Amino acid sequence: MTAFAPDLSVKTERLVLRPFASGDERRIREVVEARAQFLPPSAPGHPSGISQWLAHGVHELHRSGQGVHLAMEADELIVGAISLYKTLWGAGTTEVGYGVHPVHRGRGYAPEAVRGVAGWVFAATELHRIELRANLDNVASLRVAEKAGFVREGVLRAAGTNADGPCDLVVFGLLRTDSA
């Protein structure tokens with residue numbers, strides 16, 4: 001396997017993790033208009049770009065074979081997004097990233113989604129390592145990694161950026177053998 005399945009869908013206890021679709025336009029419009037920050041980095045900043053993004057942009061990562069962006073759905077609402085990216089099929093590694101709509105934070109959706117995607121990766125692919133990076137000062141994201149069973153491996157100094165400039169990133173890893 002050198003790409004994620006186009007119909008990739010993961011069901012957890014409360015969530016459905018599935019590709020974004022054109023039918024999500026109304027929901028994404030509400031998110032963009034509210035300026036809620038949780039969609040993948042390629043998401044449009046203005047409503048005029050939503051239909052193009054849903055038709056093409058959000059799927060570009062998948063078409064490249066390097067990953068996939070998935071909607072995190074609960075009770076027919078998009079409550080977040082989760083992505084696999086920087087996938088190196090030959091090395092057997094990928095990275096996971098996620099975001100939860102501010103209104104839905106604190107309900108455990110992120111760790112549930114990360115566990116669900118990790119379980120799927122190890123069951124359906126030959127990848128053996130999933131990496132997760134979080135800003136050192138992002139306590140909520142650090143907790144998500146821990147709750148999802150990832151092992152803290154170290155700190156990369158000034159490896160990320162935020163509005164204030166360079167920031168330190170904590171690297172977490174989950175191996176296929178960890179989930180056994």
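General observations
- The distance between label points at V155 and L8 comes to 3.2 nm (points 7 Å beyond Cα on the Cα→Cβ vector).
- With all protein chains modelled, accessible area of F38 [1.4 Å, Å²]: 10
- Trypsin sites (Lys or Arg not before Pro) restricted to DSSP loop in the stretch 100-139 with at most 15 other C-beta within 10 Å: R105, R107
- Qualifying GluC sites (Glu not before Pro) for the stretch 27-77 [loop in DSSP, other Cβ within 10 Å: at most 12]: E76
- Each Lys and Arg adds +1 at its Cβ and each Asp and Glu adds -1 at its Cβ; summed about the Cα centre, the stretch 69-180 shows a dipole of about 200 debye.
- Rounded to the nearest 500, the helix-only mean residue ellipticity at 222 nm of the chain stands at -7500 deg cm²/dmol, with each DSSP H run of n ≥ 4 adding -39,500 (n - 2.57).
- Evaluating 6.51 cos²θ - 1.76 cosθ + 1.60 at θ = phi - 60° for every residue in the stretch 76-82, the Karplus couplings come out as 6, 10, 7, 9, x, 9, 9 Hz, glycine and proline recorded as x.
- Distance histogram in 10 Å bins (all Cα pairs of the stretch 120-180, percent per bin): 23, 45, 25, 7, 0
- Segments 151-159, 135-143 sorted - mean Cβ within 10 Å per residue, highest first: 135-143, 151-159
- Extents of the stretch 1-80, largest first, come to 38, 30, 20 Å (Cα atoms, principal axes, whole angstrom).
- In nm, spacing of pseudo-spin labels at E76 and E25 (7 Å Cα→C-beta vector): 1.9
- Dimensionless Rg ratio for the stretch 52-179, taking C-alpha atoms and the 2.2 N^0.38 Å reference: 1.06
The values are calculated or read from the model by the stated rules, or taken from the named source; none is laboratory data. It should be emphasised that the depicted structure is a prediction, and the values quoted were computed from it without experimental measurement. All Cβ positions, glycine included, derive from the backbone under ideal geometry; neighbour counts span all protein chains shown. Remember, those area values only see protein heavy atoms, side chains included, never the ligands or the DNA or RNA. Shrake-Rupley method; radii C 1.70, N 1.55, O 1.52, S 1.80 Å.
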